Amino acid sequence: MSDFSNVKVVLVNTSHPGNIGASARAMKNMGLRNLTLVQPSEFPSGVAVGRAVSATDIIEAASVVDTLQAAVADCGLVIGASARSRRIPWPMLSPDQCASKVLAEASHNRVALVFGREDAGLNNEELQLCHFHVQIPTDEVYSSLNLGAAVMVICYELHKAGLRDIGTVNPEEDELWDQEKATGEQVEHFYEHLQRVLVAIDFHDPDNPRQLMQRMRRLFSRIRIDVMEMNILRGILTNIEYHIKDTGQDSDKRRADE
Ligand code: SAH
C-alpha cells in the first residue's frame, strides 16, 4: 500500500462545514490522513463531524492555519485544484497525471493538494502559490464540482495510482534527484529577495508591476527549483545588493570629493 503520510489536503476558506466532513471521509476512504484548513468559516463543527462519519479522527487531527502560505510553507510540491483556466495560463495536470506526480514525489517531498472556496474557488494569488493546477474534466456546461466531490476525485486517482503502483514515472527526474525541492517558505523568501533587488536595480516598478512577479513565479514554479539552486540564486541576489551598495557609496563618495 502506498504511504501518503507526506501528502496533505488543504481546504481554503471553506464556508460549509459539511464539506469539511465530506472531504475527510473521502480522504480516509482513499488512505489520506492529513487535513489542513485555512480559515474555515465554521470549525470545529458538529456538522463536519456528522458528515465525516468514521473519519472523525481526521477532523480531530486537522490543523487550522491563517493563510495558504502558512499551509504550504513546508511543501516542495503544491498542486491547486481549479475548475477554471486563468488569465495567465499555468502548468496544468489531469487528475491521473496529478496522482502520478504526487506518488513519485511523496517519498522525498511534502506535497499539498489545495482546494478552494465553494463560491469563488482559489484566487489568483493562491493559484500562483501552486506549481501545478489540476482540473477535473467535466461536461462543459457545468464544470464546478461540489468541494467534497472534487476532493474525492483527486484522492481516488491517487489511491488508484497507488494500487497500480507504478514504477512508470520518470525516476531520473523525480526520484533520483540529488537535492530536495525548495519548500514553499524558502521560495517565498526568494521572491521577496528577488523583488527587492529588481526594485533596487530599477527593473521593477511596484507602481507599474505589469505582472512581472506573477511571471517570475510561474517561471520558477515550472522549474521546481531545488534547495541548492535556491541557495545559489539567493547568493547571487545578495552579491548584487552588495555591489549596489558599494556603487552607491562610491558615487556618494565621488559626489563628496567633487
Ligand atoms: N465556483 C468556483 C468553484 C468552487 S468549487 C470556481 O468557479 O472556481 C470548490 C473547489 O472544488 C474549487 O476551488 C476546486 O478546488 C474544486 N473543484 C471543483 N470543480 C473542480 C474541477 N472541475 N476541477 C478541479 N477542481 C475542482
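Within the range 117-132, the set of residues being away from the ligand (no atom under 12 Å from the Cβ) and in a loop (DSSP other than H, G, I, E, B) comprises 128, 129, 131. The residues on offer are 151, 114, and the sole one that is at pLDDT 95 or above, buried (at least 21 other Cβ atoms within 10 Å of the Cβ) and in a helix (DSSP H, G or I) is 151. Number of residues in the range 32-52 that are assigned to a strand (DSSP E or B) and under 20 Å from residue 117 (Cβ atoms) equals 4.
Those residues that are more than 15 Å from the ligand (Cβ to nearest atom) and among the hydrophobic types (A, V, I, L, M, F, W, C), I need them from the range 65-101; list them, please. Once the filter is applied, which keeps residues that are more than 15 Å from the ligand (Cβ to nearest atom) and among the hydrophobic types (A, V, I, L, M, F, W, C), the range 65-101 yields 65, 70, 73, 75, 77, 88. The numbered conditions (1) under 23 Å from residue 124 (Cβ atoms); (2) surrounded by fewer than 17 Cβ atoms within 10 Å (Cβ to Cβ) are all true for residue 54 except (1).
Within the range 133-148, the residues that satisfy the criterion of being farther than 25 Å from residue 55 by Cβ and either more than 7 Å from the ligand (Cβ to nearest atom) or buried (at least 22 other Cβ atoms within 10 Å of the Cβ) (or both) are 133, 137, 139, 140, 141, 142. Summed over the range 69-104, residues that are closer than 20 Å to residue 219 by Cα and of a type outside the set (Val, Ile, Thr) total 18.
The values are calculated or read from the model by the stated rules, or taken from the named source; none is laboratory data. Worth saying up front: this structure is predicted, and the values here are computed from it rather than measured. Heads up, the Cβs are rebuilt from the backbone with ideal geometry, glycines too, and the neighbour counts pull from every protein chain shown.
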